[in-house]
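The values are calculated or read from the model by the stated rules, or taken from the named source; none is laboratory data. Owing to the predicted nature of the structure, the values given are computational and were not obtained by experimental measurement. All Cβ positions, glycine included, derive from the backbone under ideal geometry; neighbour counts span all protein chains shown. To get the accessible areas, we keep the full protein, side chains included, count just its heavy atoms, and leave off ligands, DNA and RNA. Shrake-Rupley method; radii C 1.70, N 1.55, O 1.52, S 1.80 Å.
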Amino acid sequence: MSTVDTASPRILVAEDEAIIRLDLTEMLTESGYDVLEAVGDGRAAVERATALQPDIVVMDVKMPVLDGISAAEQLGASGVAPVVMLTAFSDKELVERASDAGVMAYVLKPFTIDDLRPAITVALHRWSERKALETEIADLGERLETRKRLDRAKGILMARLGLDEPGAFRWIQKTAMDRRLGMREVADAVIAGGAAPATPTAPSAGTAGQPVGERPKPSPPRAPADGQR
């Protein structure tokens, strides 16, 4: 979804009655809204909204092919756009169905632009809040997954290279810096190989199996050959 300008959101209209569809389009356009297109059934509303990516969909609840609530549910689930539902009914069951489908606001028929304008504003703000929350949840999940992978990679390095936990972390950090990779990428490489990946080239790398930044241990002196004692 594009960044919303609440002064002139881009709108898709979905209404099966041609006269109401025309009046609604004219009403919104004269009030400064950008009406991208007007369609006459729920299936077309889903298809055109997916293609056009409007800021909001103003849609009737009763439509052929696919009813408005089902269409709103698909649009909400795919994150295409918020929906303002138009309805001649105000019963509790309908309101609950609309809420469960992800409808952000609804307007009772007959309506005027003064009814539509605040509903559109409310729907846009609710949608923005919902997207922000989804992003926050996704970020938290990503951070948690990264931490889990780093912990697993540190465990492998500690077991294979004899490092302590801070040393294993520094190994991952140093390798990531030297290779210009993310620490999660290095952790994934460690996990995939079951051991430390090949270290960067000299001079920053040690010998195979040696943690980065440490000098290789010298080999023990060889015993002199017979006749040379």
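Neighbours of E136, meaning other residues whose beta-carbon lies under 14 angstrom from its beta-carbon, give a summed charge of -1 when Lys and Arg score +1 and Asp and Glu score -1. Surface exposure of the range 116-166, expressed per residue as accessible area with a 1.4 Å probe, stands at 68 Å².
Heavy-atom surface analysis with a 1.4 Å probe gives the range 36-151 a carbon and sulfur content of 53 percent of its accessible area. Here the dipole of the range 1-113 is about 120 debye; that uses its Cα centre as origin and unit charges on the Cβ of Lys and Arg (positive) and Asp and Glu (negative). Please work out whether the range 71-164 counts as rounded, prolate or oblate from its C-alpha gyration tensor, where a ≥ b ≥ c are the square roots of the eigenvalues and a/c under 1.5 means rounded, while otherwise a/b larger than b/c means prolate and anything else oblate? It comes out prolate by the Cα gyration axes.
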